[in-house]
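The values are calculated or read from the model by the stated rules, or taken from the named source; none is laboratory data. What you see is a predicted model; the values in this text were computed from it and never measured. Because the Cβ atoms are built from the backbone with ideal geometry, glycine has one as well, and the counts that use them run over all protein chains shown.
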Ligand SMILES: Nc1ncnc2c1ncn2[C@@H]1O[C@H](COP(=O)(O)OP(=O)(O)OP(=O)(O)O)[C@@H](O)[C@H]1O
Ligand SMILES: [Mg+2]
């Protein structure tokens, strides 16, 4: 591990250094492991939702291909906090691609473009030629959330590796391991709460645990919801259960109370959506509820009055419940 004594956030402290330590996404990770073993590295795009190990995997792969020492000279990393307009492609990237570094046979320099979907289209256009001109000596590894923001010509030059959300059990297992190392008092409902909020995002789960531990000591469900400022799923589940019985007053009472507590409406709606998806509802009703919540989400995101939309949503859910 790092030789510094600086206190690192847990996400950094427990960032996997080797591909074999990356949790989940077995298929994607095994493709990368094959590349690490064979040394045959194509240009690559790693895409997928936040906090699932894309950046981590890119670094692991670069380290496994080149080793720690060589990586210092032979890897250039740019992320969204760097300026990545067209000038950077013309200067930094090109200069690095032209730089002579002595490498073992069949190895190339690596340019990591993290959060590549935030590069301007013009910069991406400029990248096309650079990728081609230097492909003898340099490989590009792009990590992004939205692969459709990467222009077609770059996509077609790259092998695309897709990451998906981690499963709850993968997140839980990792939380338990880290909690044991950091001596965190963690209850079962605390783990469940962290996993629920994270929804497959390992970074969010670990940050949530660290923040709750720092702020409250014990990592229990109540503390997690307070620290992470998330509506309690128990109350939201209760609201959905009431709506499923057609109890408009009860359901809208809970929702308005949560809204009054100041939670962001989109957070409220996504918690409702997940309570509907995973709750115990008759199949037809579940489908209807999902549609209603999704439509409300759309209208709220388009700027319609929130209170009206929330009551309209509860009304529509109760009507759907009555009609079966
Ligand atoms: N699959 C995983 N296995 C183990 N730890 C993980 C995994 N995914 C994420 N983490 C933890 O979360 C942190 C953030 O992960 P990483 O930076 O790789 O996410 P990302 O997929 O690049 O997300 P973003 O799209 O937001 O850039 C890591 O430092 C690590 O601690
Ligand atoms: Mg990343």
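Any idea how many residues of region 113-130 are under 16 Å from residue 42 (Cβ atoms) and surrounded by 21 or more Cβ atoms within 10 Å (Cβ to Cβ)?
Summing the residues that are under 16 Å from residue 42 (Cβ atoms) and surrounded by 21 or more Cβ atoms within 10 Å (Cβ to Cβ) in region 113-130 gives 3.
May I ask you to verify whether residue 320 is in a helix (DSSP H, G or I) and more than 30 Å from residue 184 (Cα to Cα)? Working first, answer last.
Working: in a helix (DSSP H, G or I): yes; more than 30 Å from residue 184 (Cα to Cα): yes.
Spelling it out, residue 320 is indeed in a helix (DSSP H, G or I) and more than 30 Å from residue 184 (Cα to Cα).
From 251, 205, grab the single residue that is within 16 Å of ligand 1 (Cβ to nearest atom), assigned to a helix (DSSP H, G or I) and surrounded by 18 or more Cβ atoms within 10 Å (Cβ to Cβ). Outline the logic, then answer.
Working: 251 fails: within 16 Å of ligand 1 (Cβ to nearest atom).
Going through 251, 205 in turn, the sole match is 205.
Return yes or no: is residue 92 in the same structural domain as residue 144 (by TED's automatic domain parsing) and in contact with a helix residue (DSSP H, G or I) (Cβ under 7 Å, 6 or more places away or on another chain)?
Values: in the same structural domain as residue 144 (by TED's automatic domain parsing): yes; in contact with a helix residue (DSSP H, G or I) (Cβ under 7 Å, 6 or more places away or on another chain): no.
Judged against the criteria, residue 92 is not a match.
Restricting attention to region 63-97, which residues are touching a residue at least 40 places away in the same chain (Cβ under 8 Å) and either within 16 Å of ligand 2 (Cβ to nearest atom) or closer than 22 Å to residue 37 by Cβ (or both)?
Listed by number, the residues that qualify are 63, 64, 65, 66.
Just wondering, is there one or more residues in region 306-318 that are closer than 30 Å to residue 178 by Cβ and buried (at least 16 other Cβ atoms within 10 Å of the Cβ)? Steps first, answer last, please.
Here is the first cut: in region 306-318, the ones closer than 30 Å to residue 178 by Cβ are none.
No: zero hits.
Let's see how each residue does on (1) under 19 Å from residue 39 (Cα atoms); (2) touching a helix residue (DSSP H, G or I) at 6+ places or on another chain (Cβ under 7 Å); (3) modelled with pLDDT under 90; (4) within 16 Å of ligand 2 (Cβ to nearest atom):
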| residue | (1), (2), (3), (4) |
| --- | --- |
| 99 | no, no, yes, no |
| 109 | yes, yes, no, no |
| 113 | no, no, no, yes |
| 118 | no, no, yes, yes |
| 123 | no, yes, yes, no |
| 129 | no, no, yes, no |
| 133 | no, no, yes, no |
| 136 | yes, no, yes, no |
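If residue 286 satisfies all but one of (1) under 30 Å from residue 191 (Cβ atoms); (2) in contact (Cβ under 8 Å) with a residue 12 or more places away in the chain; (3) part of a helix (DSSP H, G or I), what's the number of the condition it fails?
(2)
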